Each structure stands twice: as structure tokens, then as C-alpha cells.
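Engineer: Got a structure here, written out as C-alpha cells. Questions coming.
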Amino acid sequence: MTGFRWEIISEYAPLFMQGALMTIKCTIICVILGTTWGLLLGLGRMAHAEDGPWKQVLRYAVQWPVRIYVSAFRGTPLFVQIMVVHFALVPLFINPRDGMLVSSGLMSVDFARELRSEYGAFLSCVVAITLNAGAYVSEIFRAGIQSIDKGQMEASRALGMGWGKTMRKVILPQAFRRILPPLGNNAIAIVKDSSLASAIGLADLAYAARTVSGAYATYWEPYLTISLVYWVLTFLLSLMVQHMEKRLGKSDSH
């Protein structure tokens, strides 16, 4: 086994830097969108009415579709989901020839062609990971909301607060403090899962490593390098989550 060839890393340092920036960008966007989507799914999962016609409507038109969605995305590999989104779902909407958005006149052919060629892999990555993360985050939010004493909802409603305001002002702030650790773990998972998108051409860290290994027929240097970068990113993210936990803990004590 030969020594570590630093000249390979220095030669392709700009490529690794661009890959790291792409990974960070994808992670930030997917965490924000996935958390928002997961919150909506979690609320939909718990949507119910005590009686009346809305009871059956919410059960079969909201709860059951959300259950099926969560089960499907949690029960299939993310890699397969990325492939389906990139080669089936995205072309269905923005194919320059017969995409739904192009056919309906909502998107021009030139814009659709540029979007597919320049940002196709990035768009597919964001869509697939967001849809996948939302399924997991929805269960995190559901568990967090259900952990709050039901008496708080009843007391707030008795004071004249609506369901939406009670959720926004009373329930969700308390639930967020409890679910911050699993949300942080989900964000860390997104950092690592984004590497799967290199299979569809996303120029992230994994793509950079594959490019370098193909050029030099060596795997030790490029993959050890991106392993270190991934570890640093996840370590910094875990420190950020711990800092937020401490700040929220201090606010609770006051």
C-alpha cells in the first residue's frame, strides 16, 4: 500500500470544494422543505373531527392518504425514489416536448430545456429527498405533538383560541423543544443521503470522488477525503443542534 498522494487532492481541490458547497446547499434546502412538508403531513395525520360529516371526510380524504404516503416513502429505498423522481416524475412535468407544465403553457419549451439540462439533477435531488424526509419528519412531529398534555389544547380552546392559533402559540413551540434531537438526526441523515444523488449526475462530494477515482484509477485518496468532509459537516451540524437545545433549555428555565 503506497502513501497518501496529496497532489491528487490539491489538483482537484476546486472540484471537492464545489462538491462540498453543493452538498451543503442541498442539505439546507431539503431540511427546510422536508421539515415544512413533514409538519403538514403530521398535522394531516392527526386531522379529525369529533362528529358530523367532517369526521369521515378527514379520516378517508386526509388521514388515510397521509398514512399511505408515509408508509410508501418509509418502506422504499431513497435511491429508488431518486431514480423515479429523476427519470419519471420530473420529466412528467418539465419535459420540453410533452411535459405537463409545457403542454399547459405554464412553462416555455426553452425554459424547460434549460431547467432539465442545467438543474435537472439538483431539482430531482431536492424533490426526492424532500418527499422522503417529509415522511420521516411527519412521524417526529406527530409523536411530539401527541406528547403534549391534551389538557393544554382544551384549556386554550376554552379561552377562545382557535385550533390553528392553539397549535401555533401553545402546542408546537413545546413540541419543537422535544423533537429537536430527532430533527437534528434527520438533518444529519440528509447530509449523508444526498450522496446518492451523484448517481444521477449531481456534482456533489460523492460525484467529485468518483470523478477523481476515475481519472487516477485510485480510490483511497478521494473517498477518504470526502469521508472526512462528510464527518466534519455532520459533526458541526450536531454541535449546532446541541447549541439550540441548550438555548431552548435556558429559555424554559426562565
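The values are calculated or read from the model by the stated rules, or taken from the named source; none is laboratory data. Keep in mind it's a predicted model, so treat the numbers as computed, not measured. Here Cβ is always computed from backbone atoms with ideal geometry, including for glycine, and neighbour counts include all displayed protein chains. Note: accessible area is taken over every heavy atom of the protein model, side chains too, but ligands, DNA and RNA are not part of it. Shrake-Rupley method; radii C 1.70, N 1.55, O 1.52, S 1.80 Å.
Engineer: Multiply the residue separation of residue 192 and residue 67 by 0.36 nm, subtract the distance between their alpha-carbon atoms, and state the gained length in nm to one decimal.
Structural biologist: Additional length available on full extension: 42.4 nm.
Engineer: Here is a follow-up. Stretch residue 118-residue 146 to full length: gain in nm at 0.36 nm per residue minus the Cα-Cα span?
Structural biologist: Gain on stretching residue 118 to residue 146: 5.8 nm.
Engineer: Give the Kirkwood hydrodynamic radius (Å, one decimal) of the chain, defined as one over the mean of 1/r across all pairs of different Cα atoms.
Structural biologist: 20.9 Å
Engineer: D for the stretch 103-254, whole µm²/s, Stokes-Einstein with Kirkwood Rh over alpha-carbon pairs at 20 °C and 1.002 mPa s: what number?
Structural biologist: It comes out at roughly 112 µm²/s.
Engineer: Compute the long axis of helix 64-74 from its Cα atoms, compare it with the longest principal axis of the Cα atoms of the chain, and write down the angle in degrees, 0 to 90, nearest 10.
Structural biologist: With both axes taken from Cα atoms, the answer is about 30 degrees.
Engineer: Using helices alone, I'd like the mean residue ellipticity at 222 nm for the chain: each DSSP H run of four-plus residues gives -39500 (n - 2.57), total over residue count, nearest 500.
Structural biologist: Roughly -24500 deg cm²/dmol at 222 nm, from the helical runs in the chain.
Engineer: Order the peptides 152-158, 104-110 from the highest to the lowest mean number of other Cβ atoms within 10 Å of their residues. Don't skip to the end; give the middle numbers.
Structural biologist: Details: 152-158: 13.4, 104-110: 11.1.
Most protected by this proxy first, the peptides run 152-158, 104-110.
Engineer: Evaluate E = 1/(1 + (r/R0)^6) for residue 56 and residue 29, where r is the Cβ-Cβ distance and R0 equals 35 Å; express this FRET efficiency to the nearest 0.05.
Structural biologist: 0.40
Engineer: Quick one: in the stretch 60-106, what % of C-alpha pairs are over 15 Å apart? Before the final figure, lay out each step's value.
Structural biologist: Values: 645 of 1081 pairs.
Summing the P(r) of the stretch 60-106 above 15 Å gives 60 percent of all pairs.
Engineer: Counting only heavy atoms of the protein chains, get the accessible area per residue of the stretch 21-105 (1.4 Å probe) and round it to a whole Å² value.
Structural biologist: Working: 5110 Å² over 85 residues.
For the stretch 21-105, the per-residue accessible area is 60 Å².
Engineer: Obtain the nm distance between the two label points defined at residue 178 and residue 234 by a simple spin-label model: each point lies 7 Å from its Cα along the Cα-to-C-beta direction.
Structural biologist: Computed distance between label sites residue 178 and residue 234 equals 2.8 nm.
Engineer: Measure nothing but the geometry: give the 0 to 90° angle between the long axis through the Cα atoms of 13-45 and the longest principal axis through the Cα atoms of the chain, rounded to 10°.
Structural biologist: 20 degrees
Engineer: Sticking with this one: Output needed for the stretch 12-120: three equivalent-ellipsoid semi-axes, defined as square roots of 5 times the C-alpha gyration tensor eigenvalues, in descending order, whole Å.
Structural biologist: On the way: eigenvalues 233, 95, 33 Å².
For the stretch 12-120, the semi-axes come out at 34, 22, 13 Å.
Engineer: For labels at residue 223 and residue 154 in the simple 7 Å Cα→Cβ model, what's the distance in nm?
Structural biologist: 5.8 nm
Engineer: Right, something else. Please report Rg (one decimal) and Dmax (integer) in Å for the Cα set of the stretch 69-167.
Structural biologist: Final numbers for Rg and Dmax: 20.0, 57 Å.
Engineer: Using a Cα-Cα cut-off of under 29 Å, which lysines could be cross-linked to residue 192, ignoring same-chain neighbours fewer than 8 residues away?
Structural biologist: Cross-link targets: 25, 246.
Engineer: Ok, one more. Can you compute the modelled spin-label distance between residue 248 and residue 92, with each label point 7 Å from Cα toward Cβ, in nm?
Structural biologist: Distance between the two pseudo-spin positions: 3.5 nm.
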